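J.: Got a structure here, written out as structure tokens. Questions coming.
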Amino acid sequence: MLDGLMIRNLNFLGMECVNLAKSLDTYTDRTGNLRNSIGYIVLKHGNIISSMFEAGTRGPEFDSQEMPGERVGEIFAKEIAKDFKVGYALIVVAGMEYASYIEDVKHLDVIAPAQTFANTRITQIAQSIVNSMRRAQ
């Protein structure tokens with residue numbers, strides 16, 4: 001029961017974070033790669049349980065010879081996942097290497113609001129799971 005609750009809630013939170021981050025309209029995504037590189041994976045004891053990296057709209061400057069953003073994001077998330085061998089984890093990324101530049105130097109939101117949202121929601125989710133487990137006893 002706990003396993004299913006954790007995975008279901010982490011998946012839902014991942015989708016909420018991705019939807020929030022992709023809905024931000026603070027920057028011009030000329031290729032579509034930055035927005036498409038936003039996605040998530042859910043881990044259980046180091047194993048990927050689920051993931052979501054989807055191609056959306058391609059921008060006018062998209063170069064079909066380059067690796068698409070959704071693939072870059074997925075590779076980046078899997079690299080981060082190697083550090084999580086115990087317990088459950090939700091990893092939400094903006095995989096393009098210039099995402100942090102846009103946030104840190106240009107001061108435009110890419111994924112930071114999703115991180116803030118996740119930090120708030122994870123506490124609520126944990127409390128909800130604890131309450132569900134107490135009711136099941």
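The values are calculated or read from the model by the stated rules, or taken from the named source; none is laboratory data. What you are looking at is a predicted structure, and each value in this text was computed from that prediction instead of being measured. Virtual Cβ from ideal backbone geometry, glycine too; neighbours counted across all protein chains shown. These area figures cover heavy atoms from the full protein model, side chains too; ligands, DNA and RNA do not enter into them. Shrake-Rupley method; radii C 1.70, N 1.55, O 1.52, S 1.80 Å.
J.: If you check Leu90 against the conditions, is it aliphatic (A, V, I, L, M) and closer than 19 Å to Ile125 by Cβ?
T.: yes
J.: Show the residue pairs meeting these rules: Cβ distance below 6 Å; 6+ apart or different chains; first residue within segment 5-29 and modelled with pLDDT of 95 or more; second residue surrounded by 20 or more Cβ atoms within 10 Å (Cβ to Cβ) and assigned to a loop (DSSP other than H, G, I, E, B).
T.: Ala21/Ile111
J.: Still on this structure: Could you grab the pairs with beta carbons closer than 8 Å, sequence gap of 6+ or different chains, first residue in segment 53-64 and closer than 14 Å to Ile38 by Cα, second one assigned to a loop (DSSP other than H, G, I, E, B) and charged (D, E, K, R)?
T.: none
J.: Is it the case that Gly56 is open to solvent by less than 90 Å² (accessible area, probe 1.4 Å) and under 19 Å from Leu20 (Cα atoms)?
T.: Answer is yes for this residue.
J.: Do we find a residue being open to solvent by 50 Å² or more (accessible area, probe 1.4 Å), closer than 19 Å to Asp109 by Cα and not in a loop (DSSP other than H, G, I, E, B) anywhere in segment 23-34?
T.: Within segment 23-34 (the criterion being open to solvent by 50 Å² or more (accessible area, probe 1.4 Å), closer than 19 Å to Asp109 by Cα and not in a loop (DSSP other than H, G, I, E, B)), the answer is yes, since at least one residue qualifies.
Per-residue answers, yes or no, for (1) over 17 Å from the mean Cα position of the chain (by Cα); (2) in contact (Cβ under 8 Å) with a residue 24 or more places away in the chain:
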site: Lys78; (1), (2): no, yes
site: Gly87; (1), (2): yes, yes
site: Met96; (1), (2): no, yes
site: Ser100; (1), (2): no, no
site: Val105; (1), (2): yes, no
site: Thr116; (1), (2): no, no
site: Ile122; (1), (2): no, yes
site: Ile129; (1), (2): yes, yes
site: Gln137; (1), (2): yes, no
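J.: So, Val110, is that one assigned to a loop (DSSP other than H, G, I, E, B), surrounded by 13 or more Cβ atoms within 10 Å (Cβ to Cβ) and touching a helix residue (DSSP H, G or I) at 6+ places or on another chain (Cβ under 6 Å) or not?
T.: yes
J.: State all residues of segment 57-111 that are among the aromatic types (Phe, Trp, Tyr) and farther than 17 Å from Asn11 by Cα; if no residue qualifies, say none.
T.: Hits for segment 57-111 are Phe62, Phe76, Tyr98, Tyr101.
J.: Does Glu74 satisfy the criteria of being over 30 Å from Gln127 (Cα atoms) and either open to solvent by 90 Å² or more (accessible area, probe 1.4 Å) or without any contact (Cβ under 8 Å) to a residue 60 or more places away in the chain (or both)?
T.: Here the answer is no, as Glu74 does not meet what is asked.
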